[in-house]
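One structure below.
The values are calculated or read from the model by the stated rules, or taken from the named source; none is laboratory data. No experiment lies behind these values; they were computed from the predicted model shown. Cβ sites come from the backbone with ideal geometry, for glycine too, and all protein chains shown count toward neighbours. We work out accessible area using only protein heavy atoms, side chains counted, and drop any ligands, DNA or RNA first. Shrake-Rupley method; radii C 1.70, N 1.55, O 1.52, S 1.80 Å.
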Amino acid sequence: MKSQQIRQTFIDFYKSKQHEVVASAPMVMKNDPTLMFVNAGMNPFKEYFLGINESKHNRITDSQKCLRVSGKHNDLEEVGVDTYHHTMFEMLGNWSFGDYFKKEAIAWAWELLTEVYKIDKDCLYVTIFEGDASEKLDRDTEAYDYWKEFIAEDRILNGNKKDNFWEMGDQGPCGPCSEIHVDIRTPEEKAAVDGATLVNEDHPQVVEIWNLVFMQYNRMANGSLVDLPAKHVDTGMGFERLAMVMQDVKSNYDTDVFTPLIREIETITGHSYGKTEQEDIAIRVIADHVRAVSFSIADGQLPSNNGAGYVIRRILRRAIRYGFTYLNKKEPFIYMLVNTLSKQMGDAFPELKSQKNLILNVIKEEEQSFLRALDSGLVLLDSMITSAVSESKNTIDGNKAFELYDTYGFPIDLTALILREKGMELDEAGFDKAMAAQKSRSRAASETTTSDWTELRKDDAQEFIGYDKQEANVHITRYRKVTTKKDGDMYQLVFNMTPFYGESGGQTGDKGYLESTSGDTVYIIDTKKENGQTVHLTKNLPKNLDGSHRVVVDANQRHRTSSNHTATHLLHQALRKVLGDHVEQKGSMVRSASMRFDFSHFAKVTPEQLQEVENFVNARIREQLPLEENRSNTYDAAVEDGAMALFGEKYGRSAYY
Ligand code: ALA
């Protein structure tokens, strides 16, 4: 089976089990401060697990683009070194929101693997959670009993909390899980060593392919577990690993997901895959990383100097650096792989086709500038070596090496390699110390502690009324404290309904105030959207949290901000008209006093074009177009009517449901 068909078979199977098929959400996370990137298929559905909002469909299936390069789930250092970890990968998933639970999840997983994909039962092992006394959690005998109906008991293995209790992050939804592992070694290898002893032991041919998570707890800020309002299923199958099994090869990189990229790398660099370990690692790193970077750019996250953009820049630099050192590529070449990638995956992920030119240009530009930095770094390192030699030293000071790394982005392993070649040494302890000091500085600066929500009115869902009203009498339904080094203590308040617009779509959140019946007033200094709810930020809590409060939006500010928001859309239209249809919005920041609009275009805009854009926008404003709203339109109908969907945006529920 080709990988396309493997993906489709999964989706079709769950469709036949009454699951709604949805598209992958963008890989770059918005509206969740705990995550930069989607690191598991369940992230976009977090609000349903926590019971904040209700999904229209209680069964969903998809193939979600994931990136595991930061935070709790981080595979970056393994990538390329082994043959089965990736930065970006697809997670095939099926979800039940308060509907079916362990029995069906297990039975269907088994049916799909053994009857549809026809994977040999003798290759399979499963694990169940063995329990954990410190958490007061029992062994998952329920899952054991369901598995027993399908698989010999000596193939059902106990797993500990690390492997068999899945958590999204330090806080949030979690639960025991049951993993399915495959053993694809040769019969001789299997005869020599029992596969059961290799499960979860980092063997490249005895790997986990699917994780069935039985979500039933919420991990609180103080580390305790509380029951979720309902029980859910969250499964994730590694698409590339499944392809390895189905295509009967021994490495993810030997499947048709990767071979076209690897052939192309061989052609461009003149190095063959399968010759030396170092070159193979470099080729795998590049084949993996070009996917991660391309998908991120398509989803609107360009490489930059901070936050998620910096993570992307580092991934790309890791690829450039492997090419530079082990494949001897001193000129940009990774961008050339984008054509192959877009051809191969563009049907399943059309954003790769429509954004191809942008992806290609951004990568090329990054390659050029990093190769230049590497060149300057080499010169600097050379002068460090010369001065060390003139002082008859054969060690380069760790602080200096750190400066090279920190200021010029020069990779430390490259410094070490060059020093070794010149018979010099690196003061590794000094480097590690400087690195640790910097990490602790930046950790302290960004440290945030978030308390759990205090629920005042558990059953009230939130309603947004801000399109029509800028004042309302509301109840506070929940609140919590957030403490950061920068802002000190702040409070987040959620109301049963709100006229406040939470920051989204580039528009900053509303400000205003809340007044209690006693006259006590607190200022609302910002409004954000988080996991599907609107959260109001205040410096203090109202003295009396119960009862009704009058909340008032700063109408002037909102008016100026929404005018600027409209202006971004006019500007977008003008740019496409004047510069061409290739212009895509790449981001925007809409405030009350100003707006910024980022867009893709490959030349400098001339003063004449700029004038034309300005004239177009001004003419539209003067036309005083009548306001025509169609709020309850579905996403598809809106696109049909000519609305423009922007890549990288998740359009509320309508994009999914
Ligand atoms: N959420 C589960 C995982 O990522 C399926 O492994």
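Between segment 286-308 and segment 416-437, how many Å separate their Cα centres? Using only Cα atoms, the two centres lie 29 Å from each other.
Spin-label pair GLU153-GLN624: with each label point 7 Å from Cα along the Cα-Cβ axis, the two points sit 8.4 nm from one another.
Note on SER251 and ALA637: their simple-model spin labels are 5.2 nm apart, each label 7 Å out from Cα toward Cβ. Solvent-accessible area per residue in segment 293-437 equals 46 Å², computed with a 1.4 angstrom probe and all protein chains kept. Here the extension length gained between ASP452 and THR259 equals 64.8 nm, from 0.36 nm per residue of separation less the Cα-Cα distance. In order along segment 2-14, the phi-based Karplus estimate (6.51 cos²θ - 1.76 cosθ + 1.60, θ = phi - 60°) of 3J(HN,Hα) comes to 6, 4, 3, 6, 5, 4, 5, 4, 4, 4, 4, 4, 6 Hz; Gly and Pro are listed as x. Using the Karplus relation 6.51 cos²θ - 1.76 cosθ + 1.60 with θ = phi - 60°, the per-residue 3J(HN,Hα) values for segment 359-373 come to 4, 4, 5, 5, 5, 4, 4, 5, 4, 4, 6, 6, 5, 5, 5 Hz, with x marking Gly and Pro.
The Cα center of segment 66-120 and the Cα center of segment 474-510 differ in position by 35 Å. Per residue, the accessible area of segment 448-501 comes to 56 Å² when a 1.4 Å probe rolls over the protein heavy atoms. Scanning the chain for GluC sites (Glu not before Pro) that sit in a DSSP loop and have at most 10 other Cβ atoms within 10 Å, the longest stretch containing none of them is 392-622.
Summarising the amide proton neighbourhood of ASN39: residues at separation of 5 or more, or on other chains, whose placed amide H is nearer than 5 Å comprise LEU67. In this rough spin-label picture, where each label sits 7 Å from Cα along the Cβ direction, the ALA555-ALA107 distance is 6.0 nm.
Phi-derived couplings, Karplus 6.51 cos²θ - 1.76 cosθ + 1.60 at θ = phi - 60°, listed residue by residue for segment 218-230: 10, 7, 8, 4, 7, x, 7, 10, 10, 5, 6, x, 9 Hz, with x used for Gly and Pro. With the charge dipole of the chain set up from +1 on Lys and Arg Cβ and -1 on Asp and Glu Cβ about the Cα centre, the Cα lying farthest toward the positive end among the listed residues PRO26, ALA105, VAL257 is that of PRO26. In segment 1-118, Rg over Rh equals 0.98, where Rg is the alpha-carbon radius of gyration and Rh the Kirkwood radius from pairwise Cα distances. Here the gap between TYR310 and GLU266, fully extended at 0.36 nm per residue and compared with their Cα-Cα distance, gives a gain of 13.0 nm.
Based solely on its DSSP helices, what 222 nm [θ] is calculated for the chain when runs of n ≥ 4 H residues each add -39,500 (n - 2.57) and the sum is averaged over all residues, nearest 500 deg cm²/dmol? Taking each H run of at least 4 residues, the total per residue is -11500 deg cm²/dmol.
What FRET efficiency would be calculated for the residue pair ARG443, ASP397, taking the C-beta separation as r and a Förster radius of 30 Å, to the nearest 0.05? Using R0 = 30 Å, I get an efficiency of 0.75.
Near the amide H of GLU463, within less than 5 Å, lie the amide hydrogens of MET497, THR498, all on another chain or at least 5 residues away, with H placed in the peptide plane. Taking amide H as placed 1.01 Å from N in the peptide plane, THR235 has its amide H under 5 Å from the amide H of ASN94, VAL213, each at least 5 places away in sequence or on another chain.
Counting only DSSP beta bridges whose two residues both lie in the chain, roughly 85 percent are antiparallel. The gain in end-to-end length when the ASN540 to GLN609 segment is fully stretched comes to 19.9 nm, 0.36 nm per residue minus the alpha carbon separation. What FRET efficiency comes out for GLN5 versus ASP122 if R0 is 25 angstrom and r is the Cβ-Cβ distance? Round to the nearest 0.05. That gives a FRET efficiency of 0.55.
Rolling a 1.4 Å probe over the protein heavy atoms of segment 134-281, with every protein chain left in place, gives an accessible area that is 45 percent carbon and sulfur.
Surface analysis of segment 566-624 yields an accessible area of 61 Å² per residue, using protein heavy atoms and a 1.4 Å probe.
Rounded to 0.05, the FRET efficiency of the ASN222 and ILE525 pair, given R0 = 35 Å and the Cβ-Cβ distance, is 0.80. On segment 410-536, 47 percent of the accessible area sits on carbon and sulfur atoms, based on a 1.4 Å probe. For segment 259-393, the number of Lys pairs separated by eight or more positions or lying on different chains, with C-alpha atoms closer than 14 Å, is 5.
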